Amino acid sequence: MVQSGTTCSKLHIFYLPNRSIFEAMTAEEILKDLRARKFRPVYFLQGDEPYYIDKISHYIEHEVLNDAEKGFNQTVLYGKDTDMMTVLNAAKRFPMMSEYQVVLVKEAQNLKFSKGGDDKQDPFMAYLENPLKSTILVFAHKYGSLDKRLKVAKAIDKHGVLFDSKKLYDNQVSAWVTEYAKSRKGLINPRAAALVAEYLGNDLSKVANELDKLMLNVKEHTEIGVKEVEDNIGISKDFNSFELINALGKRDVYKANLIIDYFAANKKDNPLVVILGTLNGFFAKLFSYHFLQDRSKGNVASVLKVNPYFVSDYEIAAKNFSAEKTMQVISLLRTYDLRSKGVDNTGNTEEGELMKELVFRILH
């Protein structure tokens, strides 16, 4: 095996030593190696989160070869319009007047892959066992993954990069927003990051796009706060689920009713299923808070998996909702989730009325 940083024949071809089986590389590790021009012969980018798949494949497509090299040495195929033999024939070509050629298969989820049987009978397996080091073969396989138990998956991992791009959990998005802003030399405060995550969800491409636009409208070196988020991402300043949680936690009946009336009148933008999920997350954490022996800010943040900035919200809510009442609220949320799906519901109660009824029962 040629070690990283050595050369092969007359071409300055760099490639990395093998990692242990399924030792996961992060997207940033992959991009760091790409920027350093340390390439693998095969990249299989898969998973339910397209953001990182797009980011890595975009870099390879646009940055590995210069414009002069791309004409002869870059091939872009689409899974629904090609087959494996066409892909492999392209991969087996040698580059012209370049160290590398790039073969990129977009929408690779539409390409048929074997399970990896007899290496001699399976052309893809045969190629994986001896890939051309001057070819960078990339599969952008979105919204699904190869079974890692399959021989073909193990072969990809052995000789190339098998990258899993997984959806973030909702409670991870706020931290991702903070890190993304930092990577763009921006600064966003925790409450604003939580508001972005709450409003935009865990579609990272959408979140990144909105943050990019937001940072263009904020002066350099200025911390992004809630006001900037509300002004630039189109979030209602006073009527959003973030403010509803604050109102409920403080048992502010007047404000909670104002917000839920607004939600009921704008059901399309504020669906009950989303509100139920948000409230359930908050009250489940509040229930855990009641049983913590160590209520120091650091421990609460660690156990509840929240930013220390928000610990005071749980301190306030705990004074207004006992552990018993919190458990009742969680039970209510389950009941109204079922009712919203037609269980024990006469059918005469609209979603907006269910929202109002739920909030009334939480507060009283």
Of (1) part of a loop (DSSP other than H, G, I, E, B); (2) of a type in the set (S, T, N, Q); (3) without any contact (Cβ under 8 Å) to a residue 12 or more places away in the chain, ASN202 satisfies all except one. Which?
-> (3)
What is the number of the single condition among (1) among the aliphatic types (A, V, I, L, M); (2) outside the structural domain of VAL196 (by TED's automatic domain parsing); (3) crowded, with 21+ Cβ neighbours inside 10 Å that VAL229 does not meet?
-> (2)
Are any residues in the stretch 300-341 farther than 18 Å from GLY277 by Cβ and at pLDDT below 90, and if so, which ones?
-> ASN307, PRO308, TYR309
Residue match in the stretch 68-82 (condition: within 20 Å of HIS159 (Cα to Cα) and either touching a residue at least 12 places away in the same chain (Cβ under 8 Å) or in contact with a Phe, Trp or Tyr (Cβ under 7 Å, 6 or more places away or on another chain) (or both)) = no
Residue in the stretch 28-35 that is of a type in the set (Val, Ile, Thr), assigned to a helix (DSSP H, G or I), modelled with pLDDT of 95 or more and crowded, with 16+ Cβ neighbours inside 10 Å present | yes
Got at least one residue in the stretch 342-362 being of a type in the set (Lys, Arg) and touching a residue at least 40 places away in the same chain (Cβ under 8 Å)?
-> yes
Matching residues in the stretch 45-75 - criterion: being surrounded by fewer than 14 Cβ atoms within 10 Å (Cβ to Cβ) and touching a strand residue (DSSP E or B) at 6+ places or on another chain (Cβ under 8 Å) = ASP48
Residues of the stretch 155-170 being surrounded by fewer than 18 Cβ atoms within 10 Å (Cβ to Cβ), modelled with pLDDT of 90 or more and part of a loop (DSSP other than H, G, I, E, B), which ones?
-> LYS166, LYS167
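Residue by residue, here is whether (1) β-branched (Val, Ile, Thr); (2) free of Cβ contacts under 8 Å to residues at least 40 places away in the same chain; (3) crowded, with 16+ Cβ neighbours inside 10 Å holds:
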position: ILE235; (1), (2), (3): yes, no, yes
position: GLU243; (1), (2), (3): no, yes, yes
position: ALA247; (1), (2), (3): no, yes, yes
position: TYR254; (1), (2), (3): no, yes, no
position: ASN257; (1), (2), (3): no, no, no
position: ASP261; (1), (2), (3): no, no, no
position: ALA265; (1), (2), (3): no, no, no
position: LYS268; (1), (2), (3): no, yes, no
position: VAL274; (1), (2), (3): yes, yes, no
Among the candidates VAL152, VAL173, VAL138, which residue alone is buried (at least 16 other Cβ atoms within 10 Å of the Cβ) and more than 19 Å from GLN109 (Cα to Cα)?
-> VAL173
Looking only at the stretch 148-179, and only at residues there that are closer than 28 Å to LYS206 by Cα and acidic (Asp, Glu), the one that is farthest from the chain's Cα centre (by Cα) | GLU179
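The values are calculated or read from the model by the stated rules, or taken from the named source; none is laboratory data. Source: prediction; values computed, not measured. Don't worry about glycine lacking a Cβ; one is built from the backbone with ideal geometry, like all the others, and counts go over all protein chains shown.
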